[in-house]
Amino acid sequence: MITSIELRQRRKQRQRTKIALVSSGRLRLTVHRTNQHMYAQIIDDKNSVTLASASTLSKEIKSAVKSGGTKEAATLVGKVLATVAKKKGITEVVFDRSGFIYHGRIQALAESAREHGLVF
């Protein structure tokens, strides 16, 4: 019996392969969500380095939202990540949803990052 976690891992790997083919050297914005928190990172795959990150566990976001598992929290994570990226001169990324459906909190984070200056 295949668990839902294994199915998500398969989708994640399939998506990563496609991203590697079409990314043409751009940085990767990867997202992870749990029931209680959201995490987002901008990763340089060539050098295996995380250049920017934001999550609902960071001080400015944790104090601003009641729960880390809401669309409002995801929107705030996208905004903070985009501002940190802009300060570091990052504007273009490839969006990696990590096997999660582009819906709800994942969509809210992506749209917020786009509104605040990231292009993907």
Taking into account only those residues within the range 44-73 that are closer than 30 Å to residue 20 by Cβ and acidic (Asp, Glu), which is modelled with the highest pLDDT?
44
Only residues in the range 1-28 that are in contact (Cβ under 8 Å) with a residue 40 or more places away in the chain count as the first member; pair them with residues that are in a helix (DSSP H, G or I), Cβ under 8 angstrom, at least 6 apart or cross-chain, and list the lot.
28/19
Selected residue [farther than 24 Å from residue 20 by Cβ, of a type outside the set (Gly, Ala, Ser), in contact (Cβ under 8 Å) with a residue 24 or more places away in the chain and in contact with a Ser or Thr (Cβ under 9 Å, 6 or more places away or on another chain)] from 81, 76, 118:
76
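Look at the range 111-120 and say how many of its residues are buried (at least 18 other Cβ atoms within 10 Å of the Cβ) and in a helix (DSSP H, G or I).
Of all residues in the range 111-120, those buried (at least 18 other Cβ atoms within 10 Å of the Cβ) come to 112-113, 118.
Now narrow it down to the ones that are in a helix (DSSP H, G or I): 112-113.
Residues flagged as buried (at least 18 other Cβ atoms within 10 Å of the Cβ) and in a helix (DSSP H, G or I) within the range 111-120 amount to 2.
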If the Cβ limit is 7 Å and pairs must be 6+ apart or interchain, which residue in the range 91-105 that is in contact (Cβ under 8 Å) with a residue 12 or more places away in the chain and closer than 15 Å to residue 81 by Cβ pairs with which residue that is in a loop (DSSP other than H, G, I, E, B) and of a type in the set (Ser, Thr, Tyr)?
94/23
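Mind listing whichever residues of the range 76-101 are within 25 Å of residue 5 (Cα to Cα) and in contact with a Leu (Cβ under 9 Å, 6 or more places away or on another chain)? Spell out the reasoning first.
Of the range 76-101, the ones within 25 Å of residue 5 (Cα to Cα) are 77-78, 94-101.
Matches in the range 76-101: 77, 78, 94, 95, 96, 99.
Determine, yes or no, whether residue 108 is buried (at least 20 other Cβ atoms within 10 Å of the Cβ), closer than 24 Å to residue 8 by Cβ and of a type in the set (A, V, I, L, M).
Values: buried (at least 20 other Cβ atoms within 10 Å of the Cβ): yes; closer than 24 Å to residue 8 by Cβ: yes; of a type in the set (A, V, I, L, M): yes.
Yes.
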With the condition being touching a strand residue (DSSP E or B) at 6+ places or on another chain (Cβ under 6 Å) and surrounded by 11 or more Cβ atoms within 10 Å (Cβ to Cβ), I'd like the helices (runs of 4 or more DSSP H) fully within the range 1-105 carrying at least 3 qualifying residues.
71-87
Please go through (1) touching a helix residue (DSSP H, G or I) at 6+ places or on another chain (Cβ under 9 Å); (2) charged (D, E, K, R); (3) more than 13 Å from residue 95 (Cα to Cα) for residue 28 and return the number of the only condition it doesn't satisfy.
(3)
Return a yes/no flag: does the range 101-119 have any residue that is in contact with an Asp or Glu (Cβ under 6 Å, 6 or more places away or on another chain) and either at pLDDT 95 or above or among the hydrophobic types (A, V, I, L, M, F, W, C) (or both).
yes
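The values are calculated or read from the model by the stated rules, or taken from the named source; none is laboratory data. Because the structure is predicted, anything quoted here is derived from the model rather than measured. Virtual Cβ from ideal backbone geometry, glycine too; neighbours counted across all protein chains shown.
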